1. Are there any pairs, at least 6 apart or on different chains, whose C-beta atoms fall under 8 Å, with the first in the stretch 37-58 and under 16 Å from VAL14 (Cα atoms) and the second among the aromatic types (Phe, Trp, Tyr) and not in a helix (DSSP H, G or I), and if so, which?
2. Is it true that LYS7 is loosely packed, with under 10 Cβ neighbours inside 10 Å and either at pLDDT 95 or above or in contact with a Cys (Cβ under 8 Å, 6 or more places away or on another chain) (or both)?
3. Could you tell me how many of the residues in the stretch 24-36 are under 16 Å from VAL14 (Cα atoms) and either in contact with a Ser or Thr (Cβ under 7 Å, 6 or more places away or on another chain) or assigned to a strand (DSSP E or B) (or both)?
4. Would you mind finding the one in GLU50, GLU39, GLU46 that is surrounded by 10 or more Cβ atoms within 10 Å (Cβ to Cβ), modelled with pLDDT under 95 and within 20 Å of ALA61 (Cα to Cα)?
5. Can you give me the number of residues within the stretch 13-36 that are exposed (fewer than 10 other Cβ atoms within 10 Å of the Cβ) and among the hydroxyl-bearing types (Ser, Thr, Tyr)?
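The values are calculated or read from the model by the stated rules, or taken from the named source; none is laboratory data. Since this is a predicted model, take the numbers as computed values, not measurements. Using ideal geometry, Cβ is built from the backbone for each residue, glycine included, and neighbour counts are taken over all protein chains shown.
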Amino acid sequence: MLVLSRKIGETIMVGDNIEIMVTRIERDTVRIRISAPREVPIFRGELYREIKKATGDAPIAPLPSSRERDEPASEPAKSI
């Protein structure tokens, strides 16, 4: 485990392509910005634990980007 102290605007790098920045500190809440490739799934700890509890050891895939969700399907839906 690594424990670091950071001030607002300071960053932490994880590898070459993940950057974590402290953007705001209010009372007992710290707001951070995480810059990472889209293929890296990022979840709050409590949500990640719930997902793992529900899925077991299955890998967690990243959610589709908003651009992918908004693109129309390749084939139009068939009406019945």
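1. Within 8 Å, no pair qualifies.
2. In short, yes.
3. Selection size over the stretch 24-36: 4.
4. GLU50
5. Qualifying residue count for the region: 1.
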